[in-house]
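The values are calculated or read from the model by the stated rules, or taken from the named source; none is laboratory data. This is a predicted model, so every value here is computed, not measured. A quick note on method: Cβ atoms are made from the backbone with ideal geometry, for glycine too, and the neighbour counts reach across all protein chains shown.
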Amino acid sequence: MTFVGLMAVTFVIGRVLPTDPAMAIVGNRASEEVYQAMRLQLGLDKPILVQFWIFFTSALQGDFGQSIMTSRPVVDDIKRFFPATLELATLSTLIGILLGVPFGVLAAVHKGKLIDHFVRVFGLIGYSVPIFWLGMVSLLVFYAWLDLLPGPGRYDFYFEGIVEPVTGVVLIDSAMAGEWDMFKNALGHIVLPASMLAFYSLAYISRMTRSFMLDQLNQEYVLTARVKGLPERTVVWNHAFRNVLVQLITVIGLSYANLLEGSVLTETVFAWPGIGLYITNSLFNADMNAVIGGTVVIGVCFVAINMISDILYRLVDPRAR
């Protein structure tokens, strides 16, 4: 039902927007006969429920129609652009986990001390600063002024076509092909956009980890473990953190899903050829097949990640089975 609801809402929004797919294809100088013929070809003359049923049955078969912007099937475009978003969001989430979880634990253990104030202020900045502004500033400083990192894009243009895409993830494909120059170049390009997204992910994960740990450290079983003379490291990581881990799975899953669907601004600022930039450009060109197809794919990923989080939750906590 969630999938059907997602498809329905996405389709209706795509149809009520003040854009005319037929006009976008034929142009505003086309004759009325050509325009009406295109409407018939797209099925826009049919009732909205009939249009949705045609769209729904086609989408179940992996057919979202043809893109006006690229003149290719939307599914082929998604296969081309989605791995870039997946690569960016995955690396950003890993950075957020590796730094955010330890920071959150340390802030809870040393409540009221310098590390705690640092994590809280860092988290507040991560929630408050617009990511597109931060991205433009980072490009200005590290690319334009200091020349420490490559500019926008996924890699320099002269690496185009060197590596045959297998997974679609440039870092993996270039490493598999042994093209280490391309790997190094792609790694340099992903540093800034991944850091910007990781900044948001780190702030969210660290704050939630701190909150969960504070709750667990005030429990009686922690006091009992300390009275028994267990080392503080054992009390924190083997007792309190194990109970926090269950809640963190949900938090990390939500963070990852938010990065997959919310990387539009980052991809736009850094000209990152991901699904977010693809949907944005398609919307500006009234390419509703591409907009609806890309939105549905992102929504399906969000639902799938939530389902995986629930499964992991049950595996980690036997009480939930």
Which helices (runs of 4 or more DSSP H) does region 205-321 wholly contain that include 1 or more residues that are over 30 Å from H189 (Cβ atoms) and assigned by TED's automatic domain parsing to the domain that holds Y155?
220-227, 241-261, 288-316
Test L187 against the criterion of being in the same structural domain as V269 (by TED's automatic domain parsing) and over 30 Å from A240 (Cβ atoms), and give yes or no.
yes
State the number of residues belonging to region 171-180 that are of a type in the set (V, I, T) and not in a helix (DSSP H, G or I).
0
The number of residues in region 14-39 that are of a type in the set (V, I, T) and in contact (Cβ under 8 Å) with a residue 24 or more places away in the chain is 2
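In region 253-279, which residues are among the hydroxyl-bearing types (S, T, Y) and at pLDDT 85 or above?
So in region 253-279, the residues among the hydroxyl-bearing types (S, T, Y) come out as 255-256, 263, 266, 268, 278.
Scanning region 253-279 gives S255, Y256, T266, T268, Y278.
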Mind counting the residues in region 1-35 that are of a type in the set (G, A, S) and assigned to a helix (DSSP H, G or I)?
5
